[in-house]
Amino acid sequence: MSRPKNQNYKGHGLPKGKEREQRASIRFKTTLINTLMDVLRHRPGWVEVKDEGEWDFYWCDVSWLRENFDHTYMDEHVRISHFRNHYELTRKNYMVKNLKRFRKQLEREVGKLEAAKCDFFPKTFEMPCEYHLFVEEFRKNPGITWIMKPVARSQGKGIFLFRRLKDIMDWRKGTAGKKLTSLEAQPARSAINPSGSHDTRSSDDQKDEIPVENYVAQRYIENPYLIGGRKFDLRVYVLVMSYIPLRAWLYRDGFARFSNTRFTLNSIDDQYVHLTNVAVQKTSPDYHPKKGCKWMLQCFRQYLASKHGPEAVEKLFSDMDNIFVKSLQSVQKVIISDKHCFELYGYDILIDQDLKPWLLEVNASPSLTASSQEDYELKTCLLEDTLHVVDMEARLTGREKRVGGFDLMWNDGPVSREEGAPDLSGMGNFVTNTHLGCVNDRKKQLRQLFHSLQGQKKVPS
């Protein structure tokens, strides 16, 4: 079944000539032992492959991608769960560099008004290489709070807040001696980088496979929107099927992740106040495992509407749509858009008191381990619908604007909720085809969709 190009290449897929036919049996492979495995094993016609067996679908981790992608031949229909250089968006320093570059490009080509739509990430410096630029900015605004984050870790590891340069002197001294070793240990940017990979046992990323000396210093959002006096951020899911052309889907469900302790700027060393990561919060002495610290996005949207009115909420969610699109466009020309690849991103968004959304980071492998029954149900539906959009069974026509809980947000241009060609003249009432935090009647929609597709196949051509 495999057709190796040479002895160094492994082949995966079906014999030539069967790429476009519907497949009754899909051979899958994954190393993740969590919700994903449950979904894959229960999917009709899908068969698990272990070790070196031939596969059609591989939900891989990035270590496999780095070591095997360039040596693997894949047939037309074969799919894997990461783009080759996904880290351009999911590694904190690269994300910021790409956004800054894209903003300059927009200002040069379109104007300052359009460029201002990229002002959704806090002022950020890469450390230690931009240390002197950071010091210059720091001295312009004495007394404000900054946050230090390792560029390639997750789960809140290595993060700390500070207000004095003295607070990072020890960090700087500690990394200076490691700098050469760190640079030698890290692969070149054009090679596969382990940032953004998924921990196969528990959480967001296997990002600490290499020595981590590079950090970003970021202006801390000191006025976060609070609910019940507690800070939170939002986890939103975006599925990218292609970068050239850009084709992206937005999932209707997601959740707010709350800190376990009331917010205050008087104790910047308390991680239970400032970090909303579940990995951090579940170690809190008063953490309740059954209740968890999450709130579904539908509840969050309804709460905001009751407090601020529907127009303010529409504006906020429209601004979030802008974040998703602009961030993807910022890496569109640098991501290697391979037809075999797709990516399910986990966006982390913070809302401030002015209802302005801020992009904190993008995860290449958002945690698929459930922290509660509600969380398990959300992730099960998310993954089922991801597989529907990836469409290994070749059932879709390619013209769908909704599949389960996913809405097609961008298809080489904005997608309208209305049928027909979108009115982009600025004179019409164009409404983007996004429904984040809205009702997700996915089961009903999927029944109607697949019933319609079955009906179309019965009609003679």
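Some values worked out for this structure:
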item: Qualifying residue in the stretch 335-345 (condition: of a type in the set (Gly, Ala, Ser) and either at pLDDT 95 or above or touching a strand residue (DSSP E or B) at 6+ places or on another chain (Cβ under 7 Å) (or both)); result: yes
item: Matching residues in the stretch 245-267 - criterion: being modelled with pLDDT under 95 and either farther than 24 Å from Glu377 by Cα or β-branched (Val, Ile, Thr) (or both); result: Thr261, Arg262, Phe263, Thr264, Leu265, Asn266, Ser267
item: The stretch 418-444 residues that are closer than 18 Å to Asn322 by Cβ, paired with ones that are modelled with pLDDT under 65 (beta carbon under 6 Å, 6 or more apart); result: Phe430/Pro422; Phe430/Asp423
item: Test for Leu368: is it under 16 Å from the mean Cα position of the chain (by Cα), over 21 Å from Leu246 (Cβ atoms) and touching a residue at least 40 places away in the same chain (Cβ under 8 Å); result: yes
item: When residues of the stretch 74-113 are limited to those that are aliphatic (A, V, I, L, M) and under 30 Å from Tyr215 (Cβ atoms), the one surrounded by the fewest Cβ atoms within 10 Å (Cβ to Cβ); result: Leu106
item: Selection from the stretch 328-372 of residues that are assigned to a loop (DSSP other than H, G, I, E, B) and of a type in the set (Gly, Ala, Ser); result: Ser337, Ala364, Ser365, Ser367, Ala370, Ser371, Ser372
item: Residues that are basic (Lys, Arg) and exposed (fewer than 15 other Cβ atoms within 10 Å of the Cβ), drawn from the stretch 21-65; result: Arg41, Lys50
item: Tally, over the stretch 57-108, of residues that are β-branched (Val, Ile, Thr) and assigned to a helix (DSSP H, G or I); result: 3
item: Within the stretch 326-339, tally of residues that are closer than 27 Å to Glu384 by Cβ and open to solvent by less than 20 Å² (accessible area, probe 1.4 Å); result: 3
item: All positions within the stretch 188-242 that are part of a loop (DSSP other than H, G, I, E, B), open to solvent by 20 Å² or more (accessible area, probe 1.4 Å), modelled with pLDDT under 50 and not polar (S, T, N, Q); result: Ala188, Arg189, Ala191, Asp199, Arg201, Ile210, Pro211, Val212
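The values are calculated or read from the model by the stated rules, or taken from the named source; none is laboratory data. Please read all numbers here as calculations on a predicted model, not as lab measurements. Glycine also receives a Cβ, built like all others from the backbone with ideal geometry; neighbour counts cover every protein chain displayed. Please note that ligands, DNA and RNA were not included when accessible areas were found on the heavy atoms of the full protein model with its side chains. Shrake-Rupley method; radii C 1.70, N 1.55, O 1.52, S 1.80 Å.
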